[in-house]
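Enquirer: My questions all concern the structure below.
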């Protein structure tokens, strides 16, 4: 199972699930202290993304049903956006269920349209 971990500038962190298995919400991440964001499975870091002060975290989990097997297949989207001189710059990693990673520079490349941004992402 893939989970996220938010790392803060004071050395603390917030995991998607605490030691008791209770979930944290994505909106619980303190973006004012966020320095990096990780996707992890039980044994390793799959992706670690470092963030600068002006970069805003974007994370989504999308699920598609395999047409042949009927099995739900997740894809994780992890990236950032930043406004530079009135231009919105984006950098997004797509992590597929087979472990492969693809990087795109804006929403709309591939099958993924722009998400409805949450207030904490604006």
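The values are calculated or read from the model by the stated rules, or taken from the named source; none is laboratory data. Since the model is a prediction, treat every value here as computed from it, not as a measurement. Note that we place each Cβ from the backbone using ideal geometry, even for glycine, and neighbour counts take in every protein chain shown.
Enquirer: Go through the residues of segment 65-82 one by one and say whether even a single one is surrounded by fewer than 10 Cβ atoms within 10 Å (Cβ to Cβ), in a strand (DSSP E or B) and at pLDDT 80 or above.
Expert: No; the residues of segment 65-82 include none that is surrounded by fewer than 10 Cβ atoms within 10 Å (Cβ to Cβ), in a strand (DSSP E or B) and at pLDDT 80 or above.
Enquirer: Let me ask another. Collect the residues in segment 1-53 that are surrounded by 11 or more Cβ atoms within 10 Å (Cβ to Cβ) and not in a strand (DSSP E or B), keeping them in residue-number order.
Expert: Result: 2, 9, 16, 24, 26, 28, 29, 30, 31, 33, 41, 51.
Enquirer: Next question. Looking at the structure I just gave you, is residue 57 in contact (Cβ under 8 Å) with a residue 60 or more places away in the chain, surrounded by 11 or more Cβ atoms within 10 Å (Cβ to Cβ) and either closer than 24 Å to residue 90 by Cα or under 13 Å from the mean Cα position of the chain (by Cα) (or both)?
Expert: yes
Enquirer: Take segment 60-74 and flag every residue that is without any contact (Cβ under 8 Å) to a residue 24 or more places away in the chain and either over 16 Å from the mean Cα position of the chain (by Cα) or within 18 Å of residue 12 (Cβ to Cβ) (or both).
Expert: Scanning segment 60-74 gives 64, 65, 66, 67, 68, 69, 70, 71, 72.
Enquirer: Run down 44, 40 and say which single residue is at pLDDT below 95 and within 13 Å of the chain's Cα centre (by Cα).
Expert: 40
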